[in-house]
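The structure appears below as C-alpha cells.
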Amino acid sequence: MAKSRFEYVRGFESHDTLLPQTYTVVRIDGKKFHEFSDYYDFEKPNDTRALKLMNACAKNVVLKYSNDIILAYGESDEYSFVFKHDSVLFNRRKDKLCSLFVSLFTANYVALWGKFFVDMPLNNKCLPCFDSRCVSYPNLQTVKDYLCWRFVDTHINNLYNTVFWNLIIKCNLTAVEAENKLCGTLSRDKHEILFSECGINYNNEPELFKKGSLITRTGDILHIDVVKQIDALFEGY
C-alpha cells in the first residue's frame, strides 16, 4: 500500500486484545426487539418461527468458525458463542470479534427471514438490529457457570412470559392486571396460576421454549437441561 503524509492518523487507532488462554464468549442481543416483534406481530409468548430463525443464523455462524467455537446457546433474541481457550481467531482482537460476529449474525437474519416468515417481507422502516459484547472468562468452571446462568435466565423469563401472556390472551386480563397478579409470586405459584386459570401444564410446553437452544460445533441443535449436562458439554475442553 502506498504511503502518504496522512498515514500518521493510523497511530490513533487502538485495539484491545483479549487475554491469552482464556475462554471467550461473544453474546449478541436484539436491539429494541420488543418494538421489532410488535411491528411484525410475533406470536406471544413465543414465536416458533422467530426462534427457529435465530437458531438457523447461529448455526451458520458456528459452522463457519467451528474450529474456534465450542458451542453456542440461545434463547429469545440473544445468542452466546463460546470459544476455545486457545483460539487465536483475529489475533484475539476484541473489536474484530464483536463486530464480525454481530454483523455476520445480522446478515444471516436478514437473508433467512423470508424462509421463516414467508408472507411477511421485511420493511425498511423496521429492520433487525443486534448489539454484541465480548467477555473473557479465566477458567472452565467460570464459563460453565456463565452458560448455566443464561440457561436459568431462560427458564425464569419463559415461565413468567408464558403465564403473563396467557393471562392476557386466555383470561382477558390487561397487561397491568397480569403484572400485578404475578408480582411477588414464586415459580410454583406461576405453575399453579397457569394450570388452574389457563388450563396449561407448563411441563408440556415445547422444550424449545423452556430450555432454549444449544448448538454444537457440528451444527446439531439441542434443547436440553444445560445445568445437568454442563460437564458433558465441555468434556475435552
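Pairs under 9 Å by beta carbon, first residue without any contact (Cβ under 8 Å) to a residue 60 or more places away in the chain and part of a helix (DSSP H, G or I) in region 16-37, partner open to solvent by less than 30 Å² (accessible area, probe 1.4 Å) and among the small types (Gly, Ala, Ser), six or more apart or different chains?
Going by the 9 Å Cβ cut-off, the qualifying pairs are Ser37/Gly30; Ser37/Ala50.
Considering region 67-88 alone, what residues qualify as being open to solvent by 30 Å² or more (accessible area, probe 1.4 Å) and either within 21 Å of Asp131 (Cβ to Cβ) or small (Gly, Ala, Ser) (or both)?
Ser76, Asp77
Name the residues in region 89-103 that are open to solvent by 40 Å² or more (accessible area, probe 1.4 Å) and assigned to a helix (DSSP H, G or I), would you?
Phe90, Asn91, Lys94, Asp95, Lys96, Ser99, Leu100, Ser103 - these are the residues of region 89-103 that are open to solvent by 40 Å² or more (accessible area, probe 1.4 Å) and assigned to a helix (DSSP H, G or I).
Inspect region 24-35 for any residue being under 24 Å from Lys94 (Cβ atoms), open to solvent by 100 Å² or more (accessible area, probe 1.4 Å) and modelled with pLDDT under 90 and give the result as yes or no.
no
Considering only region 40-55, state which residues are closer than 19 Å to Thr154 by Cα and either in contact (Cβ under 8 Å) with a residue 12 or more places away in the chain or polar (S, T, N, Q) (or both).
Of everything in region 40-55, those that are closer than 19 Å to Thr154 by Cα and either in contact (Cβ under 8 Å) with a residue 12 or more places away in the chain or polar (S, T, N, Q) (or both) turn out to be Lys44, Pro45, Asn46, Thr48, Arg49, Ala50, Leu51, Lys52, Leu53, Met54, Asn55.
Has region 149-165 got any residue that is in contact (Cβ under 8 Å) with a residue 12 or more places away in the chain, more than 18 Å from Glu205 (Cα to Cα) and out of contact with any Pro (no Cβ under 6 Å at 6 or more places or on another chain)?
Among the residues of region 149-165, at least one is in contact (Cβ under 8 Å) with a residue 12 or more places away in the chain, more than 18 Å from Glu205 (Cα to Cα) and out of contact with any Pro (no Cβ under 6 Å at 6 or more places or on another chain), which makes the answer yes.
The values are calculated or read from the model by the stated rules, or taken from the named source; none is laboratory data. Note that the structure is predicted; figures quoted are calculated from it, not measured. Cβ atoms come from the backbone with ideal geometry, glycine included; neighbour counts cover every protein chain shown. Note: accessible area is taken over every heavy atom of the protein model, side chains too, but ligands, DNA and RNA are not part of it. Shrake-Rupley method; radii C 1.70, N 1.55, O 1.52, S 1.80 Å.
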